[in-house]
Amino acid sequence: MKKHAYLIMAHNEFHMLKKLLIELDDERNDIFIHIDKKTAHPNEEDIASVVTKSRVTFIPRRRIYWGHVSIVKCELELLKKAINGNYHYYHLLSGNDFPIKTQEEIHEFLDKQDGEFISCHKNGDNGDLFLYKIRYYFPLLRYVGKGYRAERGLRGRLLLTFGQWQDDLLRFQEKLGADRCKKDKDITPYKGDQWFSITNAFARFIVSKEKEILKRYRLTNGPDEFFIPTLAMNSEFAGKVRNNCLREIDWNRGTPYKYTLDDLKLLETSDNFFARKISYDSDPELVEALIGYLHRK
């Protein structure tokens, strides 16, 4: 029996997380969970109580910040813990992802595979000019965060100040002609979605490069989108990259778009395995409809 490891990064909506765990609960799966340390007092025992067939492991919690290397450190910790089980595939999910294929379908397809299901593209593809994110230093990302311009009150003013400092620093580096990529002239940068389904061999390869990864991406803007695609495409694994992360993600309607019940048919007919992003708080009807769809299958 070829077993899979599910690596989950969660920070809220634990009722949604439990519904996700129920759908992943299978004797062929083990589940590894990280809960953001910024979340107060999550009840790990209650969360794990819904699982009866899989083994659930919680890894030590750390504070996760948007666009920051803390995300990479968390992914590496999940992989380091999971590779002891020598799983056939490792799937990285967030707590707001949900399967749109049954475990039977997922295992049946991947039992015959040995490819790396990650997405990747070069700088400039589809108009995505991303080199500045790895060329320059972004030391204030931990404090700036996503959507800082929309914050209000004292916190909003502080975040806006940090954001302005980061913008000024970026312009200063551009003026000086700074380029962190010069020392990696033999490496072609790639960018892709953070979420993946990868083999045991590639998972172990990633872990073996931990020091190199953290050194290279420590002050990168959004390092979680770069380190795995770049590592894969500049290694012997390049020929196994499928440029398909098996996730239904809509970047045209949002960052990413949050699916609603109106998207049910789209999700039911998708060839992908998981949908991102789904919120039980925002649209419980969609989650319940997907559960019914999976169980009918």
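The angle separating the long axis of helix 14-24 from the principal Cα axis of greatest extent in the chain is about 60 degrees. With only the Cα atoms considered, the range 92-166 has a convex hull volume of 180 Å³ per residue. Share of pairwise Cα-Cα distances greater than 35 Å in the chain is 19 percent (whole percent).
Residue ranges 96-109, 199-212 sort as 96-109, 199-212 when ordered by packing (mean number of other C-beta atoms within 10 Å per residue, highest first).
List the GluC sites (Glu not before Pro) within the range 233-297 that DSSP assigns to loop and that have no more than 10 neighbouring Cβ atoms inside 10 Å.
E236
Of the cross-linked pairs K101/K240; K73/K185; K122/K211; K18/K240, those separated by over 29 Å at the C-alpha level are K18/K240.
For the range 208-262, the list of chymotrypsin sites (Phe, Trp or Tyr not before Pro) that fall in a loop by DSSP and count at most 15 other C-beta atoms within 10 angstrom reads W251, Y257. Label separation (W165 vs H121): 3.4 nm, computed from points 7 Å beyond Cα along the C-beta direction. The Rg/Rh ratio of the range 127-184, with both radii computed over alpha carbons and Rh defined as the Kirkwood radius, is 1.05. For the pair the range 1-65 / the range 125-141, the C-alpha centres are spaced 32 Å from each other. Descending by average beta-carbon neighbour count within 10 Å, the peptides 67-79, 183-195 line up as 67-79, 183-195, the highest first. Principal-axis analysis of the Cα atoms of the chain puts helix 69-82 at an angle of about 40° to the longest axis.
Centre-to-centre separation between the Cα atoms of the range 216-292 and those of the range 179-205: 18 Å.
Only the coordinates and a few stated rules stand behind these numbers; no lab work does. These numbers were taken from a predicted model, which means no experiment stands behind them. Here Cβ is always computed from backbone atoms with ideal geometry, including for glycine, and neighbour counts include all displayed protein chains.
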